[in-house]
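Everything on this sheet refers to the single structure shown next.
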């Protein structure tokens, strides 16, 4: 009897010990799972907050033009006799481009010469009669005035004859042709628009009032031309309108470009104006901010000792395409997360990776899932 009781006690003790061990193992597994879950390490890119060479980029699109695009026209009315070139043609300095019918011009020269001969003969005769006392001084002076007027008319007729032909003022390109043979054109009307190659090219960029206020003459500009792939041209601002366009409200900035045979008037170009911020200002990559509300946003600060991040509210200033000005909330020398902050929370553990590796890590994670 006593033996049976003793065996029963041993059996109960064994069962309780086994249960305790199983519970302990279960608790250990839960602790391990929780620990594993809390130690997820997120790949991030970071940068150090600096001052001085921070830059703001203002981008806008404009049209390429010759620096000097000259309107060529005739000084007299007439019928167009011939036009030697079409739009887009290259011409050399001094080349005849177009001419008027010379019939009327030659007739005017003939009349002017005849009038000059008559006036000169009359003046010579009156000069002799005045010396002989047959006419008064006022009669002589009137004859002299007629003679001088006839001289002026012949000069005018010769000028009209010379300008009845249009010559290229320099090496250049016919940008626009407004006339055809047989057409009647009035004096002063633009017959051709001529682009002078030796003047170089400019990019005409419309800007909003706020952007125009930040841009000064002489600042550097990076220009890309839509029809010239994968090439950036260094340029500079040479002029800025002092008054906005009445129709569009835009201010026009003129960007001077280096000479290049691939440029053509009318091409579309994109200009990135590089604005240097004040040395006391802080500007960071736009990719670093999140949770934007009004003029505030969230930034993650990186602690290199604990390899964790903490949340920070900052006050925003000017927003650019690639950078944003920070007015309050950051100090020079702090390290911030610029990429990979989408899944971060207060106290997250992170690993700093090289530029571009955050995107690669995200792709690998998606593939594993």
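FYI, it's all coordinate maths here, none of it is from the lab. Predicted model, so just to flag it, every value in this text is computed and none were measured. Because the Cβ atoms are built from the backbone with ideal geometry, glycine has one as well, and the counts that use them run over all protein chains shown.
Assuming R0 = 56 Å, what is the FRET efficiency of residue 232 and residue 313, from their Cβ-Cβ distance, to the nearest 0.05? Intermediate values should be presented prior to the final figure.
On the way: r = 37 Å, r/R0 = 0.66.
That gives a FRET efficiency of 0.90.
Pop a pseudo-label 7 angstrom from the Cα along the beta-carbon direction at both residue 260 and residue 290 and give the gap in nm to one decimal.
Output for this residue pair reads 3.9 nm.
Compute the length gained on full extension between residue 161 and residue 322: take 0.36 nm times their separation in residues and subtract their Cα-Cα distance, giving the result in nm to one decimal. Let's see the in-between values first.
On the way: separation 161, 0.36 × 161 = 57.96 nm, distance 6.06 nm.
Taking residue 161 through residue 322 to full extension adds about 51.9 nm, to one decimal.
Work out the FRET efficiency for residue 332 and residue 40 from their Cβ-Cβ distance, taking R0 = 30 Å, and round it to the nearest 0.05. Write out the running numbers ahead of the final one.
Working: r = 31 Å, r/R0 = 1.04.
My answer for the efficiency is 0.45.
If each residue of separation counts as 0.36 nm, what is the full-extension length gain between residue 204 and residue 104 once their alpha-carbon separation is subtracted?
Numbers: separation 100, 0.36 × 100 = 36.00 nm, distance 4.23 nm.
Computed gain between residue 204 and residue 104 is 31.8 nm.
If I model a spin label as a point 7 Å beyond the Cα along the Cα-Cβ vector, how far apart are those points for residue 183 and residue 92 in nm?
With each label placed 7 Å out from Cα toward Cβ, I get 2.7 nm.
Given 0.36 nm per residue, what is the gain on full extension from residue 137 to residue 219 after removing their alpha carbon distance, in nm? The partial results should precede the final answer.
Working: separation 82, 0.36 × 82 = 29.52 nm, distance 6.98 nm.
Additional length available on full extension: 22.5 nm.
Which three lengths, in whole Å and largest first, does the range 69-194 cover when its Cα atoms are put on their principal axes?
That works out to 69, 26, 19 Å along the principal axes.
Mind checking the alpha-carbon convex hull of the range 156-301 and giving the volume per residue in Å³? Write down the numbers at each step before the final one.
On the way: hull volume 32.2 nm³, N = 146.
So the per-residue hull volume is 220 Å³.
Report the residues of the range 287-306 in range of a label on residue 345: point 7 Å along Cα→C-beta, backbone N strictly under 19 Å from it.
Backbone N within reach: 290-291, 298-303.
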